[in-house]
Every structure is written in C-alpha cells, then in structure tokens.
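Below: one structure, written as structure tokens.
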Amino acid sequence: MQVLFLTLVVISNLFSHTETLPKESTTTICEPITTSDTTLQYPSNHFQSFLVEDEFYKQLDKSIYEEYKDSSFNVRQKILFKEVPDTHKMFTMQTNDNSRKLDLSGHIMIHPNRQVYFLASYRQNEQEEFHKYIVVDAETNNILLGSSTYSPILKADKPL
C-alpha cells in the first residue's frame, strides 16, 4: 500500500510540475548591459584570467602608484568592482580612517562583475599619517578610482 501511495505522489508531481525555462540563452545573458541606450564602457570580465595581485604590482609603473616606504599596512587584492566599497571600508577600518565612505554611484559605466585591482598603502609616524589607494581595471590597466590623504597628528595639550 505504501509503495502504491509513493508511486502516485511521484507521478502526480511529475505531471503537475509546469515550470517553464527562461527563453534566454547564455549568449544573451553575457552580453553587455545597456543603460540609457549606452553600452557599458567596462563590461563584465569575471570569467577571464588576469595576473595575481603581487605580479600585477611588480609590473605596475611606479610613477602611477607605489606603496609608501616604511608603510605600516598595505593591501593588494584582485576583486570585482562591486566589492570595492567593502575592501575600501576594510582598509579604512584597519588604519582608523573613518573620515569618508566610498561612493560608486557615479561609476555607472562599470559592470559590477568587472575585475579590478585594489591597491592601498598606509604610513604613520609621530607627527603625521598618510593614506592612499588606487583601483585599476584588470583588463585595460586604466585607473578607475584613487585617492590620497595626509593628516597631521594633533597632540593633546599637556597639563601645566
């Protein structure tokens, strides 16, 4: 009796399951997304292979970006563009620089799944601290974002 009941359940599930498959093929899913009839300048490239972070840094023109000498903290990561805000936040938290949040709303021509290199460096001494970061497109080596800041370290007044 149990076998008959299970057989009926399986057969009814087979016939009642009428889910349709999407009509899009993988070729149309992978095409660049268009926004306001404009093709993305930097489409998704997350299936492509690029240099690892350290190799990329070694071949990078040091006039474009170089880590601080005697730096306290450096970041070299190959990530997707959509991960840039989180990686930047991690860098600022590690270096106690909560002065600003990274806003990517103006970068609508870059697909979120675009591979980029996030490079950052931090240096501090008794009088001052320096922060800098750069985001470089992994495929074209174009600079997408970057910033550097200098902050003097203010010492509290000494009591008399």
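The values are calculated or read from the model by the stated rules, or taken from the named source; none is laboratory data. None of these values were measured; they are calculated from a predicted model. Because the Cβ atoms are built from the backbone with ideal geometry, glycine has one as well, and the counts that use them run over all protein chains shown. In case anyone asks, the SASA skips ligands and DNA or RNA and just uses the protein heavy atoms, side chains included. Shrake-Rupley method; radii C 1.70, N 1.55, O 1.52, S 1.80 Å.
Values as computed for the structure displayed
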read-out	value
Sole residue being modelled with pLDDT of 90 or more, out of contact with any Gly (no Cβ under 6 Å at 6 or more places or on another chain) and more than 21 Å from Asn141 (Cβ to Cβ), chosen from Lys82, Lys58, Lys89	Lys89
Members of the range 113-156 that are basic (Lys, Arg) and not in a loop (DSSP other than H, G, I, E, B)	Arg123, Lys132
Matching option when the condition is farther than 19 Å from Phe47 by Cα, of a type in the set (S, T, N, Q) and open to solvent by less than 20 Å² (accessible area, probe 1.4 Å), among Ser121, Ser71, Ser63, Ser105	Ser121
Meets criteria (more than 15 Å from Pro43 (Cα to Cα), open to solvent by 70 Å² or more (accessible area, probe 1.4 Å) and in contact with an Asp or Glu (Cβ under 8 Å, 6 or more places away or on another chain)) for Arg100	no
Leu14 vs. criteria of a type outside the set (Gly, Ala, Ser), open to solvent by less than 90 Å² (accessible area, probe 1.4 Å) and either part of a loop (DSSP other than H, G, I, E, B) or at pLDDT below 55 (or both)	no
Residue count for the range 100-112, restricted to those that are closer than 13 Å to Tyr133 by Cβ and either in a strand (DSSP E or B) or of a type outside the set (A, V, I, L, M, F, W, C) (or both)	1
Condition broken by Thr95, with the remaining ones in (1) under 29 Å from Gln41 (Cβ atoms); (2) open to solvent by less than 30 Å² (accessible area, probe 1.4 Å); (3) not charged (D, E, K, R) satisfied	(1)
Some residue of the range 137-149 being open to solvent by 30 Å² or more (accessible area, probe 1.4 Å) and more than 26 Å from Val52 (Cβ to Cβ)	yes
Count of residues meeting criterion [assigned to a strand (DSSP E or B) and either touching a Cys at 6+ places or on another chain (Cβ under 9 Å) or of a type outside the set (D, E, K, R) (or both)] in the range 61-93	6
